[in-house]
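The values are calculated or read from the model by the stated rules, or taken from the named source; none is laboratory data. Worth saying up front: this structure is predicted, and the values here are computed from it rather than measured. All Cβ positions, even for glycine, are placed from backbone atoms using ideal geometry, and neighbour counts span all protein chains on display. Keep in mind that these areas ignore ligands, DNA and RNA; they rest on the heavy atoms of the full protein, side chains included. Shrake-Rupley method; radii C 1.70, N 1.55, O 1.52, S 1.80 Å.
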Amino acid sequence: MIVGAGMAGVQTAMALRELGWREDITLLGDEPHPPYDRPPLSKAVLLDAAAPAGAGGAGVDVRFDVDFDALGVDLRLGLRAQALHAADRIVVTEAGPLPYDHLVLATGAYPVALPGTAGLPGVHLLRTLDDAAALRPVLDSRQQVVVVGAGWIGAEFATAARQAGCEVTVVEAADRPLSGVLPEVVTTPMRGWYAEAGVDLRTGTPVSAVEPGAVVLADGSRLAAGAVVVGVGARPATGWLAGSGVELGEDGAVVADDRLRTTAPGVFAVGDCASFPSARYGERMLIHHWDNALQGPRTAAANLLGGDERYDPVPYFWSEQFGRFVQYAGHHTDADTLVLRGDPDSAAWSVCWLRADGVLAAVLVVDRPRDLAQARKLIARSAAVDPALAADPTVPLAAAAARA
Amino acid sequence: MTATDSYVRVCALGDLVEDTPQRVEVDGVPVSVVRTAGDVFAINDICSHANVSLSEGEVEDCQIECWLHGSSFDLRTGKPSGLPATRPVPVYPVKIVGDDVLVSVTQES
């Protein structure tokens, strides 16, 4: 049984079949819609003229291109898992207890709400197809929008809202966009992207209250808002696992090992809901990105079927914002040396992070997809790169690596 | 070119840089032309997984990789060799005549 019918759950079902699993597969999803791909929700789905196809309209079709009947997967939609009794191998659902032999947890993450705004009309999150559908009228009627949080989702939504002709203000409690994940040398040019798109970016200004039709900031200023979109992070959707016999970490993530096994026998975990120890980076990682939901299930399925594969990916994600493709691969810390590759005020540039031993740890690229593709391979084989060559954008990144 | 000859000249062989795909259009079809390992291949430029141009991607071991999602395809057969794509991409026959690279999109090879 697989709990969670997002990318990670669907990929698990596909991987199990590809690897030869012939027994029953039940795939439980709490949303009523057929399984769908989330990245377009903050992009194409918001801007398409017609309602999204996955929501019954004729527009952008975000449904996965998977024939669940042909795969022999018993898809149970609109059915929420409420509890797990790992000792008895039973998942409790709204439709009663369901026994399993093997279980894969793929319940993903839920977006964090602003305190005090639950149920307030005009306040939106953006995670699901229904969330995106609820935001379409906001864009269609060109309402004045306040986005809370200058992170990845905030920037993508602001991009779409500006394209639709909305007046957009983005408020960020920290002093710059993406302060938790990227250094100033990278985020400074991003300020220019907001400005160039006509978005009013206000940093260092926490929200003190959301009222009907307005957002009040800590500095006392009041922003009129036809709609408020909150993008301030996500947490593993694991509340239902409390007391289940599956260990959860302080961050709420299912604690998996490097084989993606949980602490309960026969139970694996993949995607946004689980953390795992990375030998590559020497720390436990909780990755909330699409690529992790694509790769992890291969390992979990192989191990569920008796294999012994270690999961130690090079994390990867992308963001489409303000007419640019931003891509990031790897994982860096403040201890790594940052190497600029091109001018951050230009249209296309990259940055590399090198460890003390010269090994490429991570890369961020703006409209330089070849740098990204080459870096992913270099990082995967822990290749050292020459800092001077890496700093030269005319030298292919692969050529900056020491020959293995 | 005669009526029975559906091959269209897309570029000069000398224009193609080894392992660097070049996007061309043949009869309205976007095609990625790749010179690699001593041969020239033509593959539909749009990834079968999502609307992404393959010609922006990297070529290695006769595979072309989608730069956004990471799917890869065999340049010889169009078959997917890496996730997330599960469906093939059309590949087309290529003829080299002198220094001219000719591609036919009316027949999939």
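Numbers for the structure displayed
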{"quantity": "Hits in segment A:268-292 (condition: assigned to a loop (DSSP other than H, G, I, E, B) and either open to solvent by less than 10 Å² (accessible area, probe 1.4 Å) or more than 14 Å from every other protein chain (Cβ to nearest Cβ) (or both))", "calculated": "A:270, A:279, A:280, A:281, A:282, A:287, A:288"}
{"quantity": "Output for segment A:82-95, where each listed residue is open to solvent by 20 Å² or more (accessible area, probe 1.4 Å) and either in a strand (DSSP E or B) or free of Cβ contacts under 8 Å to residues at least 12 places away in the same chain (or both)", "calculated": "A:82, A:83, A:85, A:88, A:90, A:92"}
{"quantity": "Residue within segment A:254-267 that is open to solvent by 10 Å² or more (accessible area, probe 1.4 Å) and in contact with a Pro (Cβ under 6 Å, 6 or more places away or on another chain) present", "calculated": "yes"}
{"quantity": "Among the candidates A:214, A:224, A:209, A:197, residue that is open to solvent by less than 60 Å² (accessible area, probe 1.4 Å) and within 24 Å of residue A:41 (Cα to Cα)", "calculated": "A:197"}
{"quantity": "Selected residue [farther than 27 Å from residue B:61 by Cα and not aliphatic (A, V, I, L, M)] from A:376, A:370, A:355, A:381", "calculated": "A:355"}
{"quantity": "Selection status of residue A:107, β-branched (Val, Ile, Thr) and part of a loop (DSSP other than H, G, I, E, B)", "calculated": "yes"}
{"quantity": "Residues (within 14 Å of chain B (Cβ to nearest Cβ) and more than 21 Å from residue A:386 (Cβ to Cβ)) located in segment A:324-347", "calculated": "A:324, A:325, A:326, A:327, A:328"}
{"quantity": "Residues of segment A:125-136 classified as open to solvent by 30 Å² or more (accessible area, probe 1.4 Å) and farther than 22 Å from residue A:27 by Cβ, total", "calculated": "3"}
{"quantity": "In segment B:1-54, the residues that are charged (D, E, K, R), surrounded by 14 or more Cβ atoms within 10 Å (Cβ to Cβ) and more than 29 Å from residue A:318 (Cβ to Cβ)", "calculated": "B:9"}
{"quantity": "So residue A:382, is it touching a strand residue (DSSP E or B) at 6+ places or on another chain (Cβ under 6 Å) and surrounded by 22 or more Cβ atoms within 10 Å (Cβ to Cβ)", "calculated": "no"}
{"quantity": "Checklist (1) in the same structural domain as residue A:19 (by TED's automatic domain parsing); (2) surrounded by 17 or more Cβ atoms within 10 Å (Cβ to Cβ) applied to residue A:329, failing item", "calculated": "(1)"}
{"quantity": "Answer from A:370, A:376 - the residue that is touching a Leu at 6+ places or on another chain (Cβ under 8 Å) and open to solvent by 10 Å² or more (accessible area, probe 1.4 Å)", "calculated": "A:370"}
{"quantity": "Scan of segment A:2-32 for residues that are part of a loop (DSSP other than H, G, I, E, B) and open to solvent by 30 Å² or more (accessible area, probe 1.4 Å), ordered by number", "calculated": "A:19, A:20, A:21, A:22, A:23, A:24, A:30, A:31, A:32"}
{"quantity": "Restricting segment B:84-98 to residues that are exposed (fewer than 14 other Cβ atoms within 10 Å of the Cβ) and among the aliphatic types (A, V, I, L, M), the residue that is nearest to the other protein chains (Cβ to nearest Cβ)", "calculated": "B:96"}
{"quantity": "Pairs, first farther than 10 Å from residue A:350 by Cβ and more than 10 Å from every other protein chain (Cβ to nearest Cβ) in segment A:366-379, second open to solvent by 50 Å² or more (accessible area, probe 1.4 Å) and in a helix (DSSP H, G or I), C-beta under 9 Å, six or more apart", "calculated": "none"}
{"quantity": "Out of B:31, B:26, B:103, B:59, sole residue that is β-branched (Val, Ile, Thr) and either at positive phi or touching a helix residue (DSSP H, G or I) at 6+ places or on another chain (Cβ under 9 Å) (or both)", "calculated": "B:31"}
{"quantity": "Subset tally (residues that are among the acidic types (Asp, Glu) and in contact with a helix residue (DSSP H, G or I) (Cβ under 7 Å, 6 or more places away or on another chain)) for segment A:294-326", "calculated": "2"}
{"quantity": "Matching residues in segment A:355-365 - criterion: being open to solvent by less than 10 Å² (accessible area, probe 1.4 Å) and away from chain B (no Cβ under 14 Å)", "calculated": "A:360, A:361, A:362, A:364"}
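Residues are listed down the side, and each one gets a yes or a no for (1) in a helix (DSSP H, G or I); (2) closer than 23 Å to residue A:188 by Cα:
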residue	(1), (2)
A:294	yes, no
A:302	yes, no
A:318	no, yes
A:325	no, yes
A:329	no, yes
A:363	no, yes
A:378	yes, no
A:389	yes, no
A:394	no, no
